[in-house]
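> Here it is: the structure, laid out below.
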Amino acid sequence: MLSIKNLQVSVDEKPILKGLNLEVKAGEIHAIMGPNGSGKSTLAHVLSGREGYRVDAGSAHYKGLDLLEMAPEIRAREGMFLAFQYPIEIPGVNNTSFLKKALNEVRKHRGEEELDAIDFLSLIKKQMNLVEMKEDLLKRPVNQGFSGGEKKRNEILQMAVLNPTLAILDETDSGLDIDALRIVAGGVNKLRTPENAFVIITHYQRLLDYIVPDFVHVLSDGQIIKSGTKELAYELEERGYDWLLEDSEKV
Amino acid sequence: MIKENNKMTRDNDKNIAMSDDQQTIQNITDQDYKYGFVTDIEMEAFPKGLDENIVRMISAKKKEPEFMTEWRLKAYRHWRKQKEPKWPKLKYSEVDYEDLYYYAAPKKEAPKSLDEVDPELLATFEKLGVPLEERELLAGVAVDAVIDSVSVATTFKGKLGELGIIFCPISEAIQEHPELVKKYLGTVVPYTDNFYATLNSAVFSDGSFVYIPPGVRCPMELSSYFRINASKTGQFERTLIVADKGSYVSYLEGCTAPMRDENQLHAAVVELIALDDAEIKYSTVQNWYAGNKEGVGGIFNFVTKRGLCAGNNSKISWTQVETGSAITWKYPSCVLKGDKSVGEFYSVALTNNYQQADTGTKMIHLGKNTRSLIISKGISAGKSNNTYRGLVKVNKKAENARNYSQCDSLLIGDQCGAHTYPYLEIENPSAQVEHEATTSKVSEDQIFYLNQRGISTEDAVGMIVSGYAREVFQQLPMEFAVEAQALMSVSLEGSVG
């Protein structure tokens, strides 16, 4: 589904990703861990098409399509979803109409009929239970005045409504208390199917107590220096990143 | 009539030898005839420039009673003594007032068909969903008056007539209801008011007149759109709306489709009068041609709009969405004379490319317990400049006056400007006046966030701007509000990314 080969990316002439390789297949959950500044968020942004990043070499294909050639909205319509580390506030824009617009853009792209207000509302009410979100948040402007936890839940709600093929969660666990973490993780688990895949970017092992990954990758200085199963995450939790970094330097 | 007019032109010729200019006019009018203009339009082309003679001719042409001719002349004489105001934050090449036609200018470059119209303009019509039959008219293509809208207007009129509501061109009102016109015209915006209003008083060509009798609630939104289509009112429009005791009216001006006009200078005057317990809601969507992307062409729009809450418990509410014109100079105001009267001003002013807008409101509190509300949302994009200029004045005798003002500015890109000049003049210690102002930017983060949810950049900017201006759009009649939101996206096209 996602195939990244030797991806090299720089920001303002400074190399951030230095030859990254990653293969994600349908039905898999991949966790990407790593210390601050290792390039985790850059990876999420480059994959979703954010401006300000220069691809120097390598490739990224999604469902066989050249991802790097696609406009961000096309990637989204093709089923790629990014849960933001810091969800953005859009004053005055109603959360429900925003979501309806987003869903209908995806549906239009797929050649499906657009949902009217009634069908949409019944869909959204069902999905709201997934993230235990209060209904009044739907009537408020997008993310405006939401608490940190509410914003993250709103991200998961959007994910549930848009039903992506590939979801990238960029430090969704940061700033969440344990209850919110459980709810967010529960949402992801319920959305998991053999047809879709998740890339979970996280700094801590904590989230992985609730979402069990098939693979764990350690990103350091723009490269994946170690890949393993969920046991690797536990090891990192115990020993930190330093032993790995030293190992990789020796190599 | 035609004869008489010819004679006048001849009289003029005696005084001034047939100049090159006039020769040109002659040529042009002859030319236009070939393309099917009705004859009397060219016959009515007055020479360029303004003098007492022209003012008299305009008045005579409209068969006005003596009092109107006199009023126009007084305005003209006053105008001669005035200078164009220089205080607005606007830059434009000076208008040569002697080089203008003040009545029925011969149409110089009217496109003969839609094939000759700027394709970008046509694309805009397409996006706004303007009906095909209206496109020619809006683009200024030389067509005869649209029969449909004339008949619509007539049906309309019958219905309103049953309720005693008068809704007609002001030229018609001057002839048929001179007592009402005489009583109210110039009482809110006197002919001495300001340079442009004074000029308008001398030469106004046409406009709307509305009178709502006591206790009547006007059952429909009155719109000048149909009527203007039927008879082009041109550059000096004059509107007078009187809501008698306990009545209500909602009036819509303009339309969302960009309108072309061969006249660059527009100086309209709108006067509203609300008697005891009456309410007037006046909504405008102004989208005159703004010039091209380099800032060439475009309408200069100098408008004086003022409402008088003459009676107790009266209310006047202005809502404006300003997206067009190269220059906008406009301050819809309320004079709160009656006790407990209420004035409201909701405004969205959007400027793009090289557009300039200096707009705002004045709330003049004279009566006791008067209240006013100002919600102003400026949006600047491209290399444009957007200025809010507002005055809240509380008179010595205006006990317990209250005002709340909110003036927000939104910037798109980094080459535009937003400016806010709020003036407060408070002469009564019991007044409560609040002013809030914010400036924000449409951020790349916001656009990317919406992109990442499958929404195109164009739609994203439209959504963000509509969200920002929501409080104002909510005041517009439903249909208008939907159109106005579409207009935001179209007007901002190409301003991002």
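> Cβ neighbours within 10 Å, averaged per peptide: list B:205-214, A:120-129 in order, most packed at the top.
B:205-214, A:120-129
> If contacts are Cα pairs under 8 angstrom and at least 6 residues apart, what is the relative contact order of chain A in percent?
In percent, rounded to a whole number, it is 27.
> Grab the other residues whose beta carbon is less than 13 angstrom from that of residue B:190, score K and R as +1, D and E as -1, and report the net.
0
> Which residues belonging to the stretch B:464-478 lose at least 30 Å² of 1.4 Å-probe accessible area when the assembly is complete, relative to their chain isolated?
B:467, B:470
> Quantify, in whole percent, the carbon and sulfur part of the accessible surface of the stretch A:2-250 (1.4 Å probe; protein heavy atoms only).
Carbon and sulfur atoms account for 47 percent of the accessible area of the stretch A:2-250.
> Once amide H atoms are built 1.01 Å from N in the peptide plane, which residues 5 or more positions from residue B:426, or in another chain, come under 5 Å H to H?
B:394
> Okay, moving on. Taking 0.36 nm per intervening residue step and subtracting the Cα-Cα distance, what contour gain separates residue A:210 from residue A:114 on full extension?
31.1 nm is the gain from fully extending residue A:210 to residue A:114.
> Over 30 Å between Cα atoms, which of A:25/A:152; B:81/B:396; B:91/B:362; A:108/B:383; A:100/B:441 qualify?
Table pairs above 30 Å Cα-Cα are B:81/B:396; A:108/B:383.
> If you don't mind, there's one more thing I want to ask. When averaged across all projection directions, what area in nm² does the alpha-carbon convex hull of the stretch B:312-423 cover?
If you wrap the Cα atoms of the stretch B:312-423 in a convex hull and average its projections, you get 6.0 nm².
> For the stretch A:126-191, go through all pairs of different Cα atoms, get the mean of 1/r, take its inverse, and jot down that Kirkwood value in Å.
Taking the inverse mean of 1/r over all distinct Cα pairs, the stretch A:126-191 comes out at 12.0 Å.
> Which peptide among B:280-289, A:174-183 comes first, and what is the full order, when sorted by highest mean count of other Cβ atoms within 10 Å?
B:280-289, A:174-183
> Taking the stretch A:2-250, how much of its Cα-Cα pair set, in percent, is spaced more than 35 angstrom apart?
13 percent
> Extending each Cα 7 Å along its Cβ direction at residue B:296 and residue B:428, get the distance between those two points in nm, one decimal.
With each label placed 7 Å out from Cα toward Cβ, I get 5.4 nm.
> Here is a further query. Obtain the nm distance between the two label points defined at residue B:391 and residue B:115 by a simple spin-label model: each point lies 7 Å from its Cα along the Cα-to-C-beta direction.
5.4 nm
> How far is it, in nm, from the label point at residue B:53 to the one at residue A:56 when both lie 7 Å from their Cα along the line to the Cβ?
Spacing of the two 7 Å Cα→Cβ label points: 8.0 nm.
> Length gain on complete extension for the stretch residue B:98 to residue B:177, per 0.36 nm per residue less the alpha carbon to alpha carbon distance?
25.1 nm
> With solvent modelled as a 1.4 Å probe, how much accessible area in total do chains A and B shield from it at their shared surface, in Å² to the nearest 100?
Interface between A and B: roughly 2000 Å².
> Next question. Could you report the stretch B:269-426's accessible area per residue, 1.4 Å probe, as an integer in Å²?
Ligands and nucleic acids excluded, the figure is 29 Å² per residue.
> Given the -39500 (n - 2.57) contribution per DSSP H run of 4+ residues, what per-residue ellipticity at 222 nm results for chain A, rounded to the nearest 500 deg cm²/dmol?
Rounded to the nearest 500, the figure is -11500 deg cm²/dmol.
> Also, quick follow-up: Please compute, for the alpha-carbon atoms of the stretch A:1-62, the extent along each of the three principal axes and give them in descending order in Å.
Reported extents, whole Å, longest axis first: 36, 24, 19.
> Now for a different question. Contact order normalised by length for the stretch B:246-364, with contacts defined as Cα pairs under 8 Å and 6 or more residues apart; what percent is it?
25 percent
> Taking the Cβ-Cβ separation of residue B:67 and residue B:91 as r and a Förster radius of 35 Å, what is the calculated FRET efficiency to the nearest 0.05?
My answer for the efficiency is 0.30.
> May I pose another question? List residues of the stretch B:380-403, by number, whose backbone nitrogen lies under 17 Å from a label position 7 Å along Cα→C-beta of residue B:437.
B:380, B:385-393
The values are calculated or read from the model by the stated rules, or taken from the named source; none is laboratory data. Predicted model only: the values in this text are computed from it and were never measured. A quick note on method: Cβ atoms are made from the backbone with ideal geometry, for glycine too, and the neighbour counts reach across all protein chains shown. SASA here: full protein model, heavy atoms, side chains in, ligands and nucleic acids out. Shrake-Rupley method; radii C 1.70, N 1.55, O 1.52, S 1.80 Å.
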